[in-house]
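Below is one structure; the comments refer to it alone.
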Protein chains: 2
Amino acid sequence: MRRHRSNLGTLLQHVHVSGPLSRAALAERMGVNRSTILALTAELAGAGLVREEAPTGTTGAGRPSFVVRPESERFFVLAFDVAVDRLVAARVGLGGPILDRRSVARSRVGADLDTVVRELAAMGRELLDAAPPGAVVAGVGASYCGMIRPGDGMVRYGPEMGWVDQAFGTELERALGIGLPVAVGNEAHLGALAEFARGAGVGHPDLIYLHGDVGVGGGILVGGKLLGGEGGYGCEVGHMLVNPVGGRPCLCGSAGCLEAETGEHAILAAAGRPELFGRDAVRQVVCDAEAGQLRAAGAMAEIGDWLGIGVANLINLFNPGVVIFGGMLREVYAVAAPEVAARIAQHAMPVSRERTELRLSGLRDDATLLGAADRGFGALLADPLVSLK
Amino acid sequence: MRRHRSNLGTLLQHVHVSGPLSRAALAERMGVNRSTILALTAELAGAGLVREEAPTGTTGAGRPSFVVRPESERFFVLAFDVAVDRLVAARVGLGGPILDRRSVARSRVGADLDTVVRELAAMGRELLDAAPPGAVVAGVGASYCGMIRPGDGMVRYGPEMGWVDQAFGTELERALGIGLPVAVGNEAHLGALAEFARGAGVGHPDLIYLHGDVGVGGGILVGGKLLGGEGGYGCEVGHMLVNPVGGRPCLCGSAGCLEAETGEHAILAAAGRPELFGRDAVRQVVCDAEAGQLRAAGAMAEIGDWLGIGVANLINLFNPGVVIFGGMLREVYAVAAPEVAARIAQHAMPVSRERTELRLSGLRDDATLLGAADRGFGALLADPLVSLK
């Protein structure tokens with residue numbers, strides 16, 4: 001019985017991550033026979049979680065296999081993304097489609113817990129009101145740009161917003177008031193998991209995802225699992241010291257951290273535009289560098305140099321299959337790739353880097369949001385029928 | 001049947017790692033009842049792997065529980081340790097006691113594969129000849145100061161000895177000629193596993209072991225498992241860049257690596273003794289620093305500073321429960337602890353370091369050797385009765 005329930009979740013997880021799959025493909029992936037798949041899909045279809053469709057077209061020999069498709073319009077989660085510069089809320093369907101979304105620039109709202117939670121809850125309620133009749137909210141997930149305590153979603157440390165020990169998860173749950181807990185994760189951790197599930201990291205269980213927001217964060221998968229450590233606070237890539245002598249000051253109180261040398265402030269300062277801020281200003285530096293403007297090109301080379309040192313260190317430590325550049329770093333890497341490659345060649349051991357690929361985020365600006373959605377789907381996917389009761 | 005065989009191995013693993021255990025303790029650890037333990041120990045005792053002894057003394061209420069003890073004199077492995085400056089071979093009994101050992105300074109033999117393998121095989125045969133009649137060699141393990149390909153024990157890269165792609169594992173197996181494969185591991189990886197099993201890291205599945213030989217290596221456990229990465233080459237802590245501007249040259253071709261700034265050459269150069277080499281010379285610097293000799297104390301402070309930067313970075317990345325200083329770094333840390341602590345306070349995030357303990361190696365100079373022995377015991381512990389056939 002427990003096996004059966006766990007199989008229901010596994011099947012639903014497969015169609016959630018991979019989209020519509022034939023019964024034959026499911027049987028092969030799960031290592032069970034087709035009659036088991038038939039029973040499982042019947043049960044999930046009965047609960048309205050999937051539907052089965054006759055295959056379109058014939059594929060030659062053999063009996064065509066029915067296709068199992070997640071009911072994306074019917075089951076959804078609320079996903080929130082708290083970045084330094086903006087708040088995003090979305091309704092994400094089973095299977096991963098973003099069905100509806102709201103966002104607001106954070107400069108328009110305050111940075112304190114109450115304001116942020118109130119704004120997120122309002123957006124969440126708007127999304128719920130706009131959902132079609134009969135649609136079911138199966139969970140809530142949130143991504144935050146700071147260190148998160150596993151279990152209750154307490155923000156232990158979020159220097160960009162000045163948060164220390166703020167009860168974000170429980171407060172957002174209370175403000176939403178729909179009787180569902182909020183599963184919170186660090187933005188880069190969630191981005192790493194999302195890229196592994198359905199982005200540039202599919203098939204790479206040893207994966208490093210670097211996320212540029214205003215700061216720089218990292219999510220590291222070891223053997224397909226998020227590197228947690230003793231308390232769940234591993235992966236603080238942004239505060240790896242890369243420039244110990246005369247490094248730029250960091251919000252954490254140290255100086256020369258990877259974040260201090262490659263984050264938004266560093267890029268704009270290096271480009272001689274310290275009075276500016278925001279993604280558009282960073283994008284302009286990248287554009288100007290690509291267009292050959294000397295100061296901007298020099299800034300990107302400098303940033304790429306420090307980024308490359310950080311990546312080389314990570315390659316030596318983790319021997320990853322893939323390193324993915326996401327968020328703002330996606331655009332930075334696109335122009336700073338030569339410096340990154342040079343530092344890797346100089347500092348990463350040849351054996352450590354021989355199979356490492358460098359890639360741009362496949363999910364682009366939605367990586368963290370989709371990671372938050374997957375957290376929200378956690379309970380449903382662990383035990384589909386029980387969680388609906 | 002498979003469950004039963006796996007339980008046999010699990011029980012043997014418990015007494016191998018923890019030493020003599022009562023049947024009651026085994027039942028509790030394994031989550032099985034005492035009649036199962038009785039059947040398992042009877043079978044293992046029949047094969048001569050353990051013996052049962054009546055408990056000495058009474059412990060108050062209840063029936064006293066028989067004690068299960070590994071037959072350490074009867075079953076042993078050959079364990080080899082190839083360090084930069086010496087070769088060690090030992091006969092290590094089931095349960096971990098070092099029963100006999102030979103060693104030779106590597107300066108007395110060459111550094112090439114053939115010479116090293118010939119010397120090790122000769123020591124191994126000597127140990128076998130000296131073993132008591134009826135004693136059974138159950139496996140062979142070896143520790144090497146370089147990057148090891150999982151599976152066949154190929155040394156991919158061992159800069160201190162100038163080895164690139166040397167078939168160490170298979171050559172040592174051939175030279176020994178006793179029909180047993182040689183399980184090879186990197187010295188710091190094996191040290192980490194040994195400290196976790198029976199040293200300063202017991203109970204800490206998120207563990208970092210730093211090993212100082214002539215170079216500096218690291219072994220990192222994540223959730224109790226060695227961090228492997230895509231190809232098994234993770235944990236190259238020694239080549240993490242800590243001093244990017246004007247760092248000391250490293251044997252790997254880069255400069256400013258943790259190894260270049262904290263290894264033997266760095267210590268002796270910083271102490272103004274660049275013409276010296278070897279552990280005794282390093283120990284003299286440590287002693288002189290402890291005695292207040294200014295140049296030596298300054299050298300140790302400088303080394304501690306770089307070591308602290310490396311450790312701070314590792315704490316940010318891994319949120320470890322414990323960081324263990326082993327090999328030569330055990331002695332270095334004992335005197336450089338203030339600088340290490342200062343750098344951690346400055347650069348490691350408070351949340352990341354709040355539960356991290358810093359410790360000296362519990363197994364001292366035998367950590368790597370005992371790790372190699374455990375590799376050698378791998379087959380026996382995985383399937384005790386089959387591996388004896």
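So how many residues does segment B:1-14 have that are loosely packed, with under 15 Cβ neighbours inside 10 Å and either among the basic types (K, R) or in a helix (DSSP H, G or I) (or both)? Steps first, please.
First, pick out the residues of segment B:1-14 that are loosely packed, with under 15 Cβ neighbours inside 10 Å: B:1-4, B:6.
With the extra rule that they be either among the basic types (K, R) or in a helix (DSSP H, G or I) (or both), the set shrinks to B:2-4, B:6.
The qualifying residues number 4.
Enumerate the pairs (first residue in segment A:15-29 and assigned to a helix (DSSP H, G or I); second residue anywhere and of a type in the set (K, R) and surrounded by fewer than 17 Cβ atoms within 10 Å (Cβ to Cβ)) with beta-carbon separation below 6 Å, excluding pairs fewer than 6 apart on the same chain, so at least 6 apart or on different chains.
From segment A:15-29, the pairs are A:R23/A:R34; A:A27/A:R34.
Look through segment B:30-46, keep the residues that are surrounded by fewer than 16 Cβ atoms within 10 Å (Cβ to Cβ) and not in a helix (DSSP H, G or I), and return whichever of them is nearest to the chain's Cα centre (by Cα).
By that ranking, first place goes to B:G31.
Please work out which one of (1) free of Cβ contacts under 8 Å to residues at least 24 places away in the same chain; (2) within 29 Å of A:D81 (Cα to Cα) is the condition A:E354 fails and give its number.
Exception for A:E354: condition (2).
Applying the selection to segment B:1-27, what residues are under 12 Å from B:R69 (Cβ atoms) and β-branched (V, I, T)?
If the condition is that a residue be under 12 Å from B:R69 (Cβ atoms) and β-branched (V, I, T), then B:V15 is the only one that fits.
Could you tell me which residue of segment B:292-333 is nearest to the other protein chains (Cβ to nearest Cβ), considering only residues that are part of a loop (DSSP other than H, G, I, E, B) and among the small types (G, A, S)? Break it down into steps so the answer makes sense when it comes.
Looking only at segment B:292-333, we keep the residues that are part of a loop (DSSP other than H, G, I, E, B), and these are B:292-293, B:319-321.
Next cut, among the small types (G, A, S) only: B:292, B:321.
Working: B:G292: 27, B:G321: 4 Å.
Selected residue: B:G321.
Among (1) facing chain A (nearest Cβ under 10 Å); (2) farther than 23 Å from B:L78 by Cα, there is one condition B:L210 misses while meeting the rest; what is its number?
The number of the failed condition is (1).
Only one of these is small (G, A, S) and in contact with a Pro (Cβ under 8 Å, 6 or more places away or on another chain): B:G308, B:G292, B:G304, B:G263. Name it.
Details: B:G308 fails: in contact with a Pro (Cβ under 8 Å, 6 or more places away or on another chain); B:G292 fails: in contact with a Pro (Cβ under 8 Å, 6 or more places away or on another chain); B:G263 fails: in contact with a Pro (Cβ under 8 Å, 6 or more places away or on another chain).
Step by step, each of B:G308, B:G292, B:G304, B:G263 is checked, and only B:G304 is small (G, A, S) and in contact with a Pro (Cβ under 8 Å, 6 or more places away or on another chain).
Mind listing whichever residues of segment A:156-181 are touching a residue at least 40 places away in the same chain (Cβ under 8 Å) and of a type in the set (A, V, I, L, M)?
Hits for segment A:156-181 are A:M161, A:A167, A:L172, A:A175, A:L176, A:I178, A:L180.
Quick one: A:V77 ticks every box in (1) in a loop (DSSP other than H, G, I, E, B); (2) farther than 19 Å from A:A188 by Cα bar one, so which box is it?
Looking at each condition in turn, A:V77 falls short on (1).
Name every residue in segment A:253-272 that is surrounded by 21 or more Cβ atoms within 10 Å (Cβ to Cβ), among the hydrophobic types (A, V, I, L, M, F, W, C) and within 13 Å of chain B (Cβ to nearest Cβ), in order of residue number.
Passing the criteria: A:C257, A:L258, A:A260.
For segment A:226-252, which positions are in a strand (DSSP E or B) and more than 7 Å from chain B (Cβ to nearest Cβ)? Lay out the reasoning, then the answer.
Of segment A:226-252, the ones in a strand (DSSP E or B) are A:226, A:241, A:249.
If the condition is that a residue be in a strand (DSSP E or B) and more than 7 Å from chain B (Cβ to nearest Cβ), then A:L226, A:P249 are the ones that fit.
Spot the failing condition for B:D280; the list is (1) in contact (Cβ under 8 Å) with a residue 40 or more places away in the chain; (2) more than 14 Å from chain A (Cβ to nearest Cβ), and only one is missed.
Of everything listed in (1) in contact (Cβ under 8 Å) with a residue 40 or more places away in the chain; (2) more than 14 Å from chain A (Cβ to nearest Cβ), B:D280 misses just condition (1).
Out of the residues in segment A:165-184 meeting the condition of being of a type outside the set (D, E) and in contact with a strand residue (DSSP E or B) (Cβ under 6 Å, 6 or more places away or on another chain), tell me which one is surrounded by the fewest Cβ atoms within 10 Å (Cβ to Cβ).
First, pick out the residues of segment A:165-184 that are of a type outside the set (D, E): A:166-170, A:172, A:174-184.
This time we only want the ones that are in contact with a strand residue (DSSP E or B) (Cβ under 6 Å, 6 or more places away or on another chain), so: A:166, A:168-169, A:172, A:180, A:182-184.
Numbers: A:Q166: 22, A:F168: 27, A:G169: 23, A:L172: 26, A:L180: 16, A:V182: 27, A:A183: 26, A:V184: 29.
Here the answer is A:L180.
Looking only at strands (runs of 3 or more DSSP E) that lie completely in segment B:121-223, which have at least 2 residues being assigned by TED's automatic domain parsing to the domain that holds B:P97?
Working: elements: B:136-144, B:155-158, B:163-166, B:182-186, B:207-212, B:216-222.
By residue number, B:136-144, B:155-158, B:163-166, B:182-186.
Kindly indicate which of A:A337, A:A342, A:A373 is within 13 Å of another protein chain (Cβ to nearest Cβ) and either among the β-branched types (V, I, T) or assigned to a helix (DSSP H, G or I) (or both).
On the way: A:A337 fails: within 13 Å of another protein chain (Cβ to nearest Cβ); A:A373 fails: within 13 Å of another protein chain (Cβ to nearest Cβ).
Among A:A337, A:A342, A:A373, only A:A342 is within 13 Å of another protein chain (Cβ to nearest Cβ) and either among the β-branched types (V, I, T) or assigned to a helix (DSSP H, G or I) (or both).
The values are calculated or read from the model by the stated rules, or taken from the named source; none is laboratory data. Bear in mind the structure is a predicted one, so any value in this text is a computation, not a measurement. Cβ atoms come from the backbone with ideal geometry, glycine included; neighbour counts cover every protein chain shown.
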